[in-house]
1. Under the condition of being in contact with a Ser or Thr (Cβ under 8 Å, 6 or more places away or on another chain), of a type in the set (Phe, Trp, Tyr) and more than 18 Å from Leu38 (Cβ to Cβ), which residue from the range 186-223 is modelled with the lowest pLDDT?
2. Considering Asp68, Asp79, which residue is free of Cβ contacts under 8 Å to residues at least 60 places away in the same chain and out of contact with any strand residue (DSSP E or B) (no Cβ under 9 Å at 6 or more places or on another chain)?
3. So in the range 59-105, with the set limited to residues that are among the hydroxyl-bearing types (Ser, Thr, Tyr) and surrounded by 15 or more Cβ atoms within 10 Å (Cβ to Cβ), which one is modelled with the lowest pLDDT?
4. Restricting to the range 163-178, give me the number of residues that are of a type in the set (Val, Ile, Thr), surrounded by fewer than 19 Cβ atoms within 10 Å (Cβ to Cβ) and either assigned to a strand (DSSP E or B) or touching a Pro at 6+ places or on another chain (Cβ under 6 Å) (or both).
Amino acid sequence: MKRMNRALCNSVLLLIGFLVAGGPLAAQSDYDLSQRWLNESIYNPGATGNHFVTALSLHARMQWVGTDGAPLTQVATFDTYVQEIRSAFGLLIMHDQIGYLNTYNIKASYAYHVPVGDEKTLSLGLSAGWLNRNRDIKENMADEWFDPVLARARGADHAPEFDFGVEFRSAIFKAGASVRHLGFYTSSDFAAPPLTLWSYAAVQLRVTNGFGLEPRVSYNYRNDIHYIEAGAILHFSQRARNYYSFRDLFWLGAMYRLHQQVSVHIGLHITPNIQAGYSFDYGFGDLATISDKGTHELFFTWRFHRLFSKDTCCPALGN
């Protein structure tokens, strides 16, 4: 077991090294969420089932409010963890609209969780899905813009794509990395999203019995652009179940994306299993000239008991 765990850790280090050393990438857009820290499985299949329960999450993002053709994004995820086979299964459905371009994405994900010590887990995940991009261009748009290319650009393209990721998690620390949009785009007109590399880390610090601090940092490489995001979330708790864990009543936080934007976050535990959150982003530099009303994002998640138990799922495999 120790030899297998060492090999898995070496594989993680190699993957993270690849993420940092990635080369030039494609040059198209990709959807973005500010509250990804609440649901890392959207961008990392290795995080599927990382809460070890069954969870349904919804995100809605309204970017650059007041701007014509501004991006609108909706994402729904569902995942469940099966203790007996140390595996998690998930589903993602996404819709993203930017101007006349509509993108639809559906993916199924799988992650295998390997214990690597007391309350420590290393998970490796893979997702596979189908991407569809529909260019909803009307004839009058081509006439108004005097652009014959737009007149020929109506229609849809689609292609399969894959993501791969890993995550390490302990009682107070987690870190992950993923490679996204590994696809086979055969159409020369297909507006494929760029190969995207993402890594992140966070630690939970208990300050008092009713107060916790969660510093976070992430690195993203997309569209031949690097950006680093860092910040912290303040957790206000009724009480802690143990020294390291939080039982949140609500949270407040802020994240800063280097040279691009700042976002503020607020969230509430409506019940112990239901959370709702809101974030507001404000851009700097060129982003500030696009919209002075910023970007708004809503989040909702419901966590409940696992769908499978040892009596109903693969009992022969044991623990």
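1. Across the range 186-223, the extreme among qualifying residues is Phe211.
2. Details: Asp79 fails: out of contact with any strand residue (DSSP E or B) (no Cβ under 9 Å at 6 or more places or on another chain).
Testing whether each residue is free of Cβ contacts under 8 Å to residues at least 60 places away in the same chain and out of contact with any strand residue (DSSP E or B) (no Cβ under 9 Å at 6 or more places or on another chain) leaves just Asp68.
3. Residues of the range 59-105 among the hydroxyl-bearing types (Ser, Thr, Tyr): 67, 73, 77, 80-81, 87, 100, 103-104.
Cutting the leftovers down to surrounded by 15 or more Cβ atoms within 10 Å (Cβ to Cβ) gives us 73, 77, 80-81, 87, 100, 103-104.
Details: Thr73: 94, Thr77: 97, Thr80: 95, Tyr81: 95, Ser87: 96, Tyr100: 77, Thr103: 89, Tyr104: 92.
Looking at residues that are among the hydroxyl-bearing types (Ser, Thr, Tyr) and surrounded by 15 or more Cβ atoms within 10 Å (Cβ to Cβ), I get Tyr100.
4. The initial filter retains those residues of the range 163-178 that are of a type in the set (Val, Ile, Thr), namely 166, 172.
Remaining after also requiring surrounded by fewer than 19 Cβ atoms within 10 Å (Cβ to Cβ): 172.
Within this subset, residues satisfying the condition of being either assigned to a strand (DSSP E or B) or touching a Pro at 6+ places or on another chain (Cβ under 6 Å) (or both) are none.
Adding up the residues that qualify gives 0.
The values are calculated or read from the model by the stated rules, or taken from the named source; none is laboratory data. Keep in mind the model is a prediction, meaning the values are calculated, not measured. All Cβ positions, glycine included, derive from the backbone under ideal geometry; neighbour counts span all protein chains shown.
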